[in-house]
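Rule-based calculations on the coordinates, nothing more; no lab input. Since we're looking at a predicted model, the values are computed, not measured. FYI the Cβ positions are ideal-geometry reconstructions off the backbone, even for glycines, and counts take in every protein chain you see.
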Amino acid sequence: MSQIKTEDELILFEKEIKEFWTKFKSICGSEHANQTLGLRESCRESIKALSEKWSKKLKEGDLMIDKIQEYRNEILQQNICIEEKQKNLTEINSKIKHEEEQKRDFIDRIQELKEELTRKKEIISAKNKATKERLERLNKSKELFEERLGLEIRRIYDEQLQFIFRCIDHKDPDKPYTFTLSINEQGDYEVTSSSPPLDCIAELQLKVRETNNFAAFIANIRKAFTALSYK
């Protein structure tokens, strides 16, 4: 009797175990399914959120790339502008340098002209002084020539002196024999006219320039006029 009861209890226990196991599997399977669905939904939401996040990042990256390209274009334009300004500045500096060189050349030329003008003034002053001294010597000799040689000296146009000899022609003592004398730009004696003409006037002019003996020059011209009067 006791053995039959034990077997029934074992059968009941096994049944209860099976029911428990079936129920347990049912419960576990449902929870697992629910968990799987939950994980899937969570994963989907995470992927969606991540996709949205990276999409936003990509858009921001595109904007950043566009911005960087814009900055590059601006920098390129600025570099071009800087190069143009540097080129213009180089041209301006070159012009300034050229103008400064021209200015120095002008200053040097002006200084040369001043020095040349000073030299010319000194030369002119020296010539004027020499001319004045010669005229003074002529004036001092005037009375002597007039008294001894029958010579008259007149100042005529262009600062020239006219020398008039008389008492040369024994047939006509009052007949004038004349020549005109001036001082040229080189400060030398120059006979500009002679009446009557003398063939030896060039030779006598050269000799007085070499010797600066004006008295001998006058005497030699008188001798030439006297010789001419006998022809």
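The ILE65 and THR90 beta-carbon pair, evaluated with R₀ = 41 Å, returns a calculated FRET efficiency of approximately 0.65. Extending 7 Å from the Cα toward the beta-carbon at both ASP158 and LYS114 defines two label points whose distance is 3.7 nm.
Projecting label points 7 angstrom from Cα along Cα→Cβ for ILE75 and GLU14 puts them 8.6 nm apart. Modelled label positions at ALA215 and GLU100, each set 7 Å beyond Cα in the direction of Cβ, lie 6.8 nm from each other. Inter-part distance, the stretch 79-115 to the stretch 155-212, computed on C-alpha centroids, equals 61 Å.
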